[in-house]
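Taking it in order: structure first as C-alpha coordinates, then the write-up.
The values are calculated or read from the model by the stated rules, or taken from the named source; none is laboratory data. This is a predicted model, so every value here is computed, not measured. Here Cβ is always computed from backbone atoms with ideal geometry, including for glycine, and neighbour counts include all displayed protein chains. Just the protein is used for accessible areas: all its heavy atoms, side chains included, with ligands, DNA and RNA removed. Shrake-Rupley method; radii C 1.70, N 1.55, O 1.52, S 1.80 Å.
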Amino acid sequence: MTAKLLTSALRTLTPLGLIAGIVATVAALGLVLGGLGFRWDPLDLSRRRAEASEAAAARARVDADARSAEAEGQAGQVARLDASLRTARSLDRATTLAIQDARTADDADHPLSNDRAARLRDHDHELCRIAPDLVGCAAAPDPAAAGEPTV
(Lines give C-alpha, C1' and ligand atoms only; values in the text may rest on other atoms or scores of the structure.)
Protein backbone atom coordinates (compact mmCIF):
# COMPACT_ATOMS: atom_id res chain seq x y z
CA MET A 1 0.00 0.00 0.00
CA THR A 2 2.77 2.41 0.92
CA ALA A 3 4.72 1.54 -2.21
CA LYS A 4 1.65 2.25 -4.39
CA LEU A 5 1.08 5.55 -2.65
CA LEU A 6 4.72 6.58 -3.12
CA THR A 7 4.71 5.53 -6.77
CA SER A 8 1.52 7.45 -7.50
CA ALA A 9 2.89 10.53 -5.69
CA LEU A 10 6.09 10.43 -7.75
CA ARG A 11 4.09 10.13 -11.01
CA THR A 12 2.03 13.19 -10.17
CA LEU A 13 5.08 15.41 -9.49
CA THR A 14 6.44 17.57 -12.24
CA PRO A 15 10.17 17.36 -13.03
CA LEU A 16 10.74 20.56 -11.07
CA GLY A 17 8.83 19.20 -8.09
CA LEU A 18 10.78 15.94 -8.28
CA ILE A 19 14.10 17.86 -8.18
CA ALA A 20 12.83 19.96 -5.26
CA GLY A 21 11.83 16.80 -3.39
CA ILE A 22 15.23 15.19 -3.95
CA VAL A 23 17.03 18.34 -2.80
CA ALA A 24 14.83 18.57 0.31
CA THR A 25 15.46 14.90 1.12
CA VAL A 26 19.25 15.28 0.72
CA ALA A 27 19.20 18.45 2.85
CA ALA A 28 17.19 16.73 5.60
CA LEU A 29 19.52 13.73 5.48
CA GLY A 30 22.54 16.08 5.71
CA LEU A 31 21.04 17.83 8.74
CA VAL A 32 20.31 14.58 10.51
CA LEU A 33 23.75 13.10 9.78
CA GLY A 34 25.46 16.39 10.71
CA GLY A 35 23.62 16.37 14.01
CA LEU A 36 24.90 12.86 14.63
CA GLY A 37 28.51 14.03 14.12
CA PHE A 38 29.06 12.75 10.58
CA ARG A 39 31.27 15.03 8.51
CA TRP A 40 31.71 14.58 4.80
CA ASP A 41 35.06 16.03 3.73
CA PRO A 42 36.03 14.46 0.39
CA LEU A 43 38.98 16.86 -0.12
CA ASP A 44 40.30 16.33 3.45
CA LEU A 45 40.25 20.08 4.05
CA SER A 46 40.11 19.83 7.86
CA ARG A 47 43.35 17.81 7.97
CA ARG A 48 45.02 20.29 5.63
CA ARG A 49 43.91 23.20 7.79
CA ALA A 50 45.21 21.45 10.91
CA GLU A 51 48.58 20.74 9.26
CA ALA A 52 48.85 24.35 8.05
CA SER A 53 48.10 25.71 11.53
CA GLU A 54 50.63 23.32 13.11
CA ALA A 55 53.27 24.41 10.57
CA ALA A 56 52.50 28.08 11.30
CA ALA A 57 52.84 27.43 15.03
CA ALA A 58 56.18 25.67 14.48
CA ARG A 59 57.44 28.61 12.39
CA ALA A 60 56.33 31.01 15.11
CA ARG A 61 58.22 28.99 17.75
CA VAL A 62 61.36 28.97 15.61
CA ASP A 63 61.06 32.72 15.01
CA ALA A 64 60.58 33.35 18.74
CA ASP A 65 63.61 31.21 19.57
CA ALA A 66 65.69 33.07 17.00
CA ARG A 67 64.59 36.44 18.38
CA SER A 68 65.42 35.41 21.95
CA ALA A 69 68.85 34.08 20.90
CA GLU A 70 69.46 37.31 19.02
CA ALA A 71 68.47 39.37 22.08
CA GLU A 72 70.76 37.31 24.33
CA GLY A 73 73.64 37.77 21.89
CA GLN A 74 73.02 41.49 21.70
CA ALA A 75 72.93 41.76 25.50
CA GLY A 76 76.23 39.87 25.74
CA GLN A 77 77.77 42.09 23.09
CA VAL A 78 76.65 45.22 24.94
CA ALA A 79 78.13 43.88 28.19
CA ARG A 80 81.45 43.09 26.51
CA LEU A 81 81.50 46.52 24.86
CA ASP A 82 80.80 48.23 28.20
CA ALA A 83 83.60 46.28 29.88
CA SER A 84 85.97 47.18 27.04
CA LEU A 85 85.03 50.86 27.27
CA ARG A 86 85.53 50.87 31.07
CA THR A 87 88.96 49.27 30.60
CA ALA A 88 89.89 51.80 27.90
CA ARG A 89 88.81 54.71 30.12
CA SER A 90 90.83 53.36 33.04
CA LEU A 91 93.87 52.93 30.80
CA ASP A 92 93.49 56.46 29.43
CA ARG A 93 93.14 57.88 32.93
CA ALA A 94 96.22 56.03 34.20
CA THR A 95 98.27 56.91 31.11
CA THR A 96 97.27 60.58 31.23
CA LEU A 97 98.35 60.83 34.85
CA ALA A 98 101.66 59.09 34.09
CA ILE A 99 102.34 61.40 31.12
CA GLN A 100 101.62 64.48 33.22
CA ASP A 101 103.88 63.22 36.00
CA ALA A 102 106.65 62.42 33.53
CA ARG A 103 106.48 65.83 31.84
CA THR A 104 106.41 67.80 35.06
CA ALA A 105 109.00 65.74 36.90
CA ASP A 106 112.27 67.34 37.91
CA ASP A 107 114.28 64.85 35.90
CA ALA A 108 112.14 65.02 32.73
CA ASP A 109 114.97 66.61 30.73
CA HIS A 110 117.72 64.30 32.06
CA PRO A 111 118.65 60.80 30.97
CA LEU A 112 116.56 58.01 32.49
CA SER A 113 117.28 57.83 36.20
CA ASN A 114 116.32 55.18 38.70
CA ASP A 115 113.38 57.25 40.01
CA ARG A 116 112.04 57.79 36.51
CA ALA A 117 112.46 54.09 35.66
CA ALA A 118 110.59 53.24 38.85
CA ARG A 119 107.73 55.55 37.85
CA LEU A 120 107.55 53.92 34.41
CA ARG A 121 107.64 50.46 35.97
CA ASP A 122 104.84 51.45 38.39
CA HIS A 123 102.79 52.73 35.46
CA ASP A 124 103.33 49.46 33.58
CA HIS A 125 102.19 47.52 36.66
CA GLU A 126 99.10 49.73 36.89
CA LEU A 127 98.28 49.08 33.23
CA CYS A 128 98.73 45.33 33.76
CA ARG A 129 96.46 45.48 36.81
CA ILE A 130 93.73 47.24 34.82
CA ALA A 131 94.02 45.07 31.71
CA PRO A 132 95.96 41.86 32.38
CA ASP A 133 95.55 40.68 28.78
CA LEU A 134 97.80 43.45 27.43
CA VAL A 135 100.88 42.27 25.61
CA GLY A 136 103.91 42.61 27.87
CA CYS A 137 102.07 41.90 31.09
CA ALA A 138 103.22 38.88 33.06
CA ALA A 139 99.87 37.09 32.70
CA ALA A 140 99.33 38.01 29.05
CA PRO A 141 98.30 34.99 26.97
CA ASP A 142 100.14 34.19 23.76
CA PRO A 143 97.88 35.48 20.94
CA ALA A 144 99.25 32.94 18.46
CA ALA A 145 97.73 29.50 18.27
CA ALA A 146 99.78 26.39 18.84
CA GLY A 147 102.51 26.11 16.25
CA GLU A 148 102.03 29.62 14.81
CA PRO A 149 104.74 32.28 15.13
CA THR A 150 104.01 35.15 17.50
CA VAL A 151 103.54 38.55 15.98
_Please report the carbon-and-sulfur percent of the accessible area for the chain; probe 1.4 Å, protein heavy atoms only, DNA, RNA and ligands left out._
62
_Equivalent ellipsoid semi-axes - Cα gyration tensor, the stretch 53-106, angstrom_ = 52, 4, 4
*Using a 1.4 angstrom probe and counting only protein chains, how large is the accessible area of residue 104 in Å², to 10?*
110
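Given a cut-off of 20 Å, what percent of all Cα-Cα pairs of the chain lie beyond it?
78
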*May I ask you to compute the full-extension gain from residue 56 to residue 23, defined as 0.36 nm times their residue separation minus their alpha-carbon distance, rounded to one decimal in nm?*
7.9 nm
*Mean residue ellipticity (222 nm) of the chain, computed from DSSP H runs ≥ 4 via -39,500 (n - 2.57), nearest 500*: -26000 deg cm²/dmol
*Taking the dipole about the Cα centre of the chain, with the C-beta of Lys and Arg at +1 and of Asp and Glu at -1, give me whichever of 21, 32, 53 is farthest to the positive side.*
21
*Normalising by the residue count of the chain, find the relative contact order in percent from Cα pairs under 8 Å and 6+ residues apart.*
11
_the chain, dipole about Cα centre (Lys/Arg Cβ +1, Asp/Glu Cβ -1), debye to the nearest 20_ = 1880
